[in-house]
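These notes concern the structure reproduced below.
The values are calculated or read from the model by the stated rules, or taken from the named source; none is laboratory data. Note that this is a predicted model, so its numbers are computed, not measured. FYI the Cβ positions are ideal-geometry reconstructions off the backbone, even for glycines, and counts take in every protein chain you see. Note: areas computed on protein heavy atoms with side chains; ligands, DNA, RNA excluded. Shrake-Rupley method; radii C 1.70, N 1.55, O 1.52, S 1.80 Å.
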Amino acid sequence: MDVLKAVQTYIMKMITEVPGMKVLLLDAHTTPIVSMVTTQSELLAHEVYLTDRIDNTNREPLNHLSCIAFLSPNEASIEAVKNELSKPRYGGYWLYFSNTLTKTQIEQMASVDEFEVVKEVQEYFADYLAQYPSHFSLTQAALSHGGDGPSNPPIFLPPPLHLPPPTLDTHLKTILSVLLSLKKRPVIRYEKMSLAGKKLSMEVQSAITNAPYKDLFDFRSTNGPAPLLLILDRRNDPVTPLLSQWTYQAMVHELLGIINGRVTIDGEEKIELRDLVLSTSSDPFYSQNLFANFGDLGASISSYVTEYQQRNSTLNPGTSAANSSNRIETVADMKRFIEEYPEFKKLSGNVTKHVTLVGELSKIVERDGLLEISEVEQSLASVESHASDLRSVQALISSPKTRPANKLRLAILYALRYQKLIGNQIPQVIDNLIANGVSADKARLVYVMLNFAGADIRQDDLFMNENFFSRGKSALKGLKGVENVYTRHEPHLTQTLDLLLKNRLREASYPFVGGDEVAKTQRPQDIIIFMIGGTTYEEGRAVALLNQKLASDAAGGPGGTRILLGGSMVHNSTSFLEMVEACALNYPESIYAPPLGQQSSTLLSNSNTPIPSSTPIPSNNSNGNGPSINLRAGGYELSVGGVAGSGLYRTNESAGANAQFDIPKNFDAVAGVAGGIRDGAGRLWGNVRQRVEERVSRGNTPQGR
């Protein structure tokens, strides 16, 4: 399951099937798809002498060239094709589309082909960005615009929309394209807490079994278990995108940003080094070191520079007697020089590129004090130590050296970790943010994150601190030897995959959509993970390393178990917070208020930024997504119903001993509560028992029978 190879195969098939000299036309959607998997040199080797955009109306007519057009089947591109065919600039046209065409679209293009220049029309399902052989994402064009109409709304919307139709359609097409390019017809599971995941799962299942995709999924049956598509939700792990990174690829993305395989260094003096290309397919050093930690990367760079110096001394004639053997004196010497010089120039460019990148990363780490910040982040993500963490967070927020964005990340991580801790200091941390230069608009993202992806929204015990069993496991984890204090954190995805590979991922928490009963009981050999809301390079690295481990696993079948990770986008901390901030604009104003049971920040309440009163999120109980009934007494709250399910939660000590009993004011909702409260206690006990069993199994402890 290699998505990089799948897209490369499609591209190579396009440019090799068309004879003679060619021009390649792309659109905004397909340009990054092609640029991620091939280079200009590879295209030139197959007689592609010109690459251009189909929406460029200033192209010159070149009738002696054949035209390959690889486009998205959206209305803008179809319109551009119609304009092109009405006044053809090239001798013949081979049209390839990245997803299915409708009958109407084909008829529209045929009606304007008066000169009969179209030689072929094909659907090649390369409708996604291949970040790495085991990692893919949507294109930015699909995510932002979906091809037609106005810009797409944010990925997450409040009930009952959750995943709005334009965004749902782009996600659906990307997943179907991946499945078709790999020839996989999977059984489908999703995270129960995610209504967006449930909606997308049902749409994928429906598309596979209905036109126009039904016939395309009629693959020849193969032996072995059916592939699995597992749809997850970014909100179940908001911690991973917020952490500082210390492996090469993830670190570059966090500190500089990788957009379609390109990195921009604005402060670089040399113009040619301001825009750099990072490609695993054409850059051997990057391919070998993209998962290396920052310390090992320095040693690799040193060896790379040494190799370059040796090649340089070999190819450049010396003047001393010691270098006399390197002089170009014969025809054979000239031939050797000409053969080796292009490779030497490529090596020279790569060395300069990576030395520049590593130098820029080192400068940012030193300037922003990221080593100290990262150590506190890792403690917040991995270890329960409230007093120590609070001192460290407050000290770093108060430090003038810490950038506002890093202060905000620390505050959010603290709030996520200790949201349910009686006596937490979340309001005081927010007050400290505002007092130390973080605007109230940004500071209130702490509460937004708790309402968007806090403990009451997540379905799993992310920090392993919600009960006795998980706290014990967390404590034991803290006792184990850790080689690097900056890389202690493991993405929650690794725990989910571990349970899945052991066939212990409970159906109650990760339900199936359709599929036969036999397939549900089998351990899948091919696993495709799709995360609504985006993945990270840290998770991509975890999957790649797990694939290497599983490749030699005899129990995994021929070739071992294979895992593929995909998502809406690839996040760094900046893009993740921007996504959450954009989503919050579409929620009720109560998303900016403290969650139920939390105190409000004094400075935030007194700021000019309007802060609405505290109400549960979502507030519309009639949709069946908010809590149906809440009983709060002392430091505890009993919630029956709602997105997070039934549960008994601790609240802030300030809640006091006064009991509150909240029921919906809508009569129909009251009737629903009356009908469901009979089962509430049973479901509550079932949930507690199920979660305890899951955590025990995660700790490799045999379950009692």
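Relative contact order of the range 3-126, taken over Cα pairs closer than 8 Å and 6 or more residues apart, is 27 percent.
For the range 354-443, the dipole from Cβ point charges (+1 on Lys and Arg, -1 on Asp and Glu) about the Cα centre works out to 140 debye, to the nearest 20. Net charge dipole, the range 3-126: roughly 220 debye, given to the nearest 20, about the Cα centre with Cβ charges of +1 for Lys and Arg and -1 for Asp and Glu. Past 25 Å, Cα to Cα, is the threshold; run Lys5/Lys270; Lys270/Lys363; Lys13/Lys198; Lys5/Lys363; Lys353/Lys401; Lys119/Lys214 against it and keep the listed order. Table pairs above 25 Å Cα-Cα are Lys5/Lys270; Lys13/Lys198; Lys5/Lys363; Lys353/Lys401; Lys119/Lys214. If I model a spin label at Arg59 and Glu375 as a point 7 Å from the Cα along the Cα→Cβ vector, what separation in nanometres do I get? A separation of 5.7 nm, rounded to one decimal place. Between Thr39 and Asn606, the distance separating the two model label sites (each 7 Å from Cα on the Cα→Cβ line) works out to 6.1 nm. Measuring with a 1.4 angstrom probe and ignoring ligands and nucleic acids, His354 comes out at about 0 Å² accessible. For Ile175, the solvent-accessible surface with a 1.4 Å probe is about 10 Å², rounded to the nearest 10. Measuring nothing but how far apart in sequence close Cα pairs (under 8 Å, 6+ apart) lie, relative to its length, the range 116-192 scores a relative contact order of 29 percent.
Placing pseudo-labels 7 Å out from each Cα toward the beta carbon at Lys549 and Thr222 gives an inter-label distance of 2.4 nm. FRET efficiency for the Ala211 to Tyr49 pair, using the beta carbon distance and R₀ = 56 Å, is estimated at 0.90.
Take Lys442: with every protein chain present and a 1.4 Å probe, its accessible area is about 80 Å².
Note on the range 3-126: dipole from Cβ charges, positive end direction compared against Gln40, Phe125, Asn74; the farthest Cα belongs to Gln40. With protein chains left intact and a 1.4 Å probe, residues in the range 39-151 average 47 Å² of accessible area per residue. Overall dimensions of the range 3-126, expressed as equivalent-ellipsoid semi-axes from the Cα gyration tensor (√(5λ), whole Å, largest first), are 21, 17, 13.
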